[in-house]
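Asks: Mind having a look at this structure? Questions to follow.
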Amino acid sequence: MIKDIKGLHHITSMASDARQNNRFFTDTLGLRRVKKTVNFDDPNVYHLYFGDENGTPGTVMTYFPFANMMLGRPGVGEVGETQFSVPEGSLSFWKERFAAQGVGDVETDTVFGAERLRFIGPDGDAFALVETPDDKRPAWSSEGVSNDVAIRGFSGARFNLHDTASTAELLGFMGYERSEAEGNVTRYVIPDGNGADTIDLAALPKTPFARQGAGSVHHIAFAVENREKQLEVRKALMDTGYQVTPVIDRDYFWAIYFRTPGGILFEVATNEPGFNRDEDTAHLGEALKLPSRYEEFRSQIEANLVPLAA
Ligand code: ZN
């Protein structure tokens, strides 16, 4: 069994409009944009990273905004809900803020005893704010979102699956422990994690498979401390029969990827080197950063990207 997974590292989704995406995550949700770069495979598409002050693993939501991309169709075989941790008693603030800003499908519910506020992003992305009493992670405070209500990072994610057995087995192998069940949802928790510690598996045997598009999660990344631990995790997964990619340099972390039996693309990413590798912490996310192989095409790439608000 693997013992080096520390919870989530980041979640990467797709969007249809870069400006709208940037505005939603910075202005509405009050996260910090910690990196403005481009897709490694298509430098005419941004890769935007939003998180806490430093882009700490477990807080980082990232997006590929493909202009005018068709909306995804929710279904099984995907991450069905991204969950953010907020302080106890903060949901009334968020409810008012979302109403004022026209955020869609806002509804309260209670899941595994926690008060939550569900809402959708600009492309129908399924999100929830979860009141978490003992989350000690520091928050990024921004205009209109003070420290006592601000998002602390992910609490976790819910996977929508046709059948949960193989994914449950994989999570167990990755060090997650089954904690409790409620209706068709079973919760798995990583011990000694980074705060982004829970994965909920929802069994939806009659739901059709999702079609990926804007508003869909592209992949979900789990955190390991360093490259040495990552190689151990890679070997353990390969020995169990998973087809895992070689280690890929993503500039701010090292990544390996593998497709899970339930259909979701998993990544295991290192906490090193982090987002202040090429920018001062005070100025994270301000300048357009390019992977080195695209640097010589900077002026052309910049001309093709829509300018974003700071
Ligand atoms: Zn990733």
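Laboratory data are not the source of any read-out in this text; all were calculated from the coordinates shown. Just so we're clear, the structure is a prediction, and the values are computed from it rather than from any experiment. We place every Cβ from the backbone using ideal geometry, glycine too, and count neighbours over all the protein chains shown.
Asks: Filter 36/206; 3/136; 35/136; 6/206; 95/206; 206/235 down to the pairs with a C-alpha to C-alpha distance above 28 Å, please. Could you put the intermediate results ahead of the total?
Replies: Working: 36/206 40 Å; 3/136 23 Å; 35/136 24 Å; 6/206 33 Å; 95/206 32 Å; 206/235 35 Å.
Result: 36/206; 6/206; 95/206; 206/235 exceed 28 Å.
Asks: Another question about this same structure. Dipole of region 199-310, Cα-centred, from +1 at each Lys and Arg C-beta and -1 at each Asp and Glu C-beta, to the nearest 20 debye? Could the numbers behind the result be given before it?
Replies: Details: 12 positive and 16 negative charges, 131 e Å.
Here the size comes out at about 620 debye.
Asks: Still on this structure, I have one more. What residues have an amide H closer than 5 Å to that of residue 284, excluding those fewer than 5 places away on the same chain, when H is modeled at 1.01 Å from N in the peptide plane?
Replies: Result for residue 284 returns nothing.
Asks: About the Cα centre, and with charges only on the beta carbon of Lys, Arg (+1) and Asp, Glu (-1), how big is the dipole of the chain? Nearest 20 debye, please.
Replies: Values: 31 positive and 45 negative charges, 106 e Å.
Dipole size: approximately 500 debye.
Asks: Once you've got the GNM for the chain with C-alpha springs shorter than 10 Å, pick whichever of 166, 155, 85 has the biggest mean-square fluctuation.
Replies: Looking only at 166, 155, 85, the biggest GNM fluctuation is shown by 166.
Asks: Report P(r) for the chain: all Cα-Cα distances, bin width 10 Å, range 0 to the bin holding the largest distance, values in whole percent.
Replies: Answer for the chain: a P(r) of 6, 28, 38, 23, 5, 0 percent.
Asks: Using a basic spin-label model with each label point 7 Å from the Cα along Cα→Cβ, how many nm lie between residue 232 and residue 67?
Replies: A separation of 4.7 nm, rounded to one decimal place.
Asks: Could you tell me the ratio Rg/Rh of region 1-140? Both radii from Cα atoms, Rh via Kirkwood.
Replies: On the way: Rg = 15.4 Å, Rh = 16.1 Å.
On the Cα set of region 1-140, Rg over Rh gives 0.96.
Asks: Would you mind computing, in nm to one decimal, how far apart the modelled labels at residue 180 and residue 207 are, each placed 7 Å from Cα along Cα→Cβ?
Replies: The modelled label-to-label distance comes out at 2.1 nm.
Asks: Additional query: Compute, for region 73-127, the length of the dipole vector about the Cα centre, with Cβ point charges of +1 (Lys, Arg) and -1 (Asp, Glu) only. Units Debye, rounded to 20.
Replies: Details: 5 positive and 10 negative charges, 16 e Å.
So the magnitude is around 80 debye.
Asks: In whole percent, what relative contact order does the chain give with Cα contacts below 8 Å and a gap of six or more residues? Please list the in-between numbers first.
Replies: Details: 753 pairs, mean separation 81.3, N = 310.
Averaging sequence separation for qualifying contacts and normalising by length gives 26 percent for the chain.
Asks: What residues qualify as long-range amide H neighbours of residue 71, i.e. H under 5 Å apart, gap of 5 or more or another chain, H built at 1.01 Å from N?
Replies: Under 5 Å from the amide H of residue 71 lie the amide H atoms of 214, each far enough along the sequence or on another chain.
Asks: Something else about it: Out of every Cα-Cα pair in region 213-304, what percent are more than 23 Å apart?
Replies: Working: 1705 of 4186 pairs.
Everything past 23 Å amounts to 41 percent.
Asks: Quick one: go through region 1-33 and flag any residue whose amide nitrogen is under 14 Å from the point 7 Å out along the Cα-to-Cβ line of residue 106.
Replies: 28-30
Asks: Sorted by average packing, counted as other Cβ atoms within 10 angstrom per residue and highest first, what order do 287-298, 19-30 take?
Replies: Numbers: 287-298: 13.3, 19-30: 19.8.
Highest to lowest by the protection proxy: 19-30, 287-298.
Asks: Please compute, over every Cα-Cα pair in region 1-62, the percentage with a separation greater than 18 angstrom.
Replies: Values: 708 of 1891 pairs.
It works out to 37 percent of all Cα pairs.
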